[in-house]
Structure formats: structure tokens, C-alpha cells
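Written below as C-alpha cells is the structure these notes are about.
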Amino acid sequence: MNIILITNNPLVFEKYANNQNVEYYEVSYLEILNIIRDKIHIGHKLLTHPLSSSLKPNETPYKTVLITKEKYSSVDTDSIIIIESSILTAKKFIRNKQTPDWNQLILDDFQVVDLSLVDNVLSRDI
């Protein structure tokens, strides 16, 4: 596939590293959004929404977003608007209430939720 998975979820990396183009970063939710923004500024396009799922940015530490592998010659305005808006929304939620210091069992659950979203997207022909 001509996609890149940008993630801070070790479970997504573990499952897809051998058969997808995965970029794994050990960073916070907000930092992963900033990395995605930087990729968009150099020509990649968003393929999934950065705020997909019912989990708020201050509830889960994990996020995976799919972008195009191809870098286009011009920046995709829609992708810029979406990622910048998502970063502002994440900052607002995190400012109002920090992400709790979850125990490992809960962190594992959040990894599974994020992975299931990725699985769902990749099961479709994108």
C-alpha cells in the first residue's frame, strides 16, 4: 500500500512493522500530532482523521494516523486545516485535564482500541 502509519502505539508497530510502512515514535499524543503536521507540511496528505474515535486526546496516550507515502508538490490545504485544528483541540483537552497516569492494564486496553481503528481502516481498500 502507498501509505505510512505514523504511531506512538507499540502494538500497532508490532503488528504492522513487517508488512506496512510504519514510523513508530515513543512520544506523547500531542507530539505525535506535531510529527504528523510536519509530514503534511512537506507534502504528505492525511488519510485518516487525527481525532478519530470516541476517546478524547486527554484520555488516551496512543494515536495512529495514516498518511500518503507520496509527497505531493503542493501542501494539501484540507490536511493542514484538519491537523492544525486537531492539535488545537488536543491542547485544549490536555490543558483542561491532563492524561491520567494509567496503569499498564489500562494502557494495554488503549493500545488495543487504537489498533482496532487501524485494523478497520486497513481492512478496506484505501
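The values are calculated or read from the model by the stated rules, or taken from the named source; none is laboratory data. Note that the structure is predicted; figures quoted are calculated from it, not measured. Cβ coordinates were reconstructed from backbone atoms using ideal geometry, including for glycine residues, and neighbour counts include every protein chain displayed.
Laid out as a table, the results:
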{"read-out": "Test: Thr89 is assigned to a loop (DSSP other than H, G, I, E, B) and on the phi < 0 side of the Ramachandran plot", "value": "no"}
{"read-out": "Subset tally (residues that are closer than 22 Å to Gln98 by Cα and assigned to a loop (DSSP other than H, G, I, E, B)) for region 1-12", "value": "2"}
{"read-out": "Residues being of a type in the set (Lys, Arg) and farther than 29 Å from Asp109 by Cβ - total across region 29-67", "value": "1"}
{"read-out": "Checklist (1) small (Gly, Ala, Ser); (2) modelled with pLDDT under 95; (3) on the phi > 0 side of the Ramachandran plot applied to Ser52, failing item", "value": "(3)"}
{"read-out": "Verdict on Val112 being in contact with a strand residue (DSSP E or B) (Cβ under 7 Å, 6 or more places away or on another chain) and either closer than 24 Å to His41 by Cα or at pLDDT 95 or above (or both)", "value": "no"}
{"read-out": "Residue selected from region 95-126 under the condition touching a Pro at 6+ places or on another chain (Cβ under 8 Å) and outside any helix (DSSP H, G or I), by the criterion farthest from Ser28 (Cα to Cα)", "value": "Trp102"}
{"read-out": "Among the residues listed as Leu122, Leu107, the single one being surrounded by 14 or more Cβ atoms within 10 Å (Cβ to Cβ), of a type in the set (A, V, I, L, M, F, W, C) and farther than 19 Å from Ile36 by Cβ", "value": "Leu107"}
{"read-out": "Filter pass, Asp76 being among the charged types (D, E, K, R), farther than 19 Å from Pro10 by Cα and modelled with pLDDT of 95 or more", "value": "yes"}
{"read-out": "Any pair with Cβ under 9 angstrom, 6 or more apart, that starts in region 2-19 at a residue that is in contact (Cβ under 8 Å) with a residue 40 or more places away in the chain and closer than 21 Å to Tyr72 by Cα and ends at one that is of a type in the set (A, V, I, L, M, F, W, C) and exposed (fewer than 15 other Cβ atoms within 10 Å of the Cβ)", "value": "Ile3/Ile126"}
{"read-out": "Among the residues listed as Lys39, Lys15, the single one being assigned to a helix (DSSP H, G or I) and under 17 Å from Leu122 (Cα atoms)", "value": "Lys15"}
{"read-out": "Members of region 18-36 found to be in a helix (DSSP H, G or I) and among the polar types (S, T, N, Q), listed by number", "value": "Asn34"}
{"read-out": "Residue match in region 68-75 (condition: part of a loop (DSSP other than H, G, I, E, B), in contact (Cβ under 8 Å) with a residue 12 or more places away in the chain and within 27 Å of Asp109 (Cα to Cα))", "value": "no"}
{"read-out": "So Ser79, is it loosely packed, with under 15 Cβ neighbours inside 10 Å and on the phi < 0 side of the Ramachandran plot", "value": "no"}
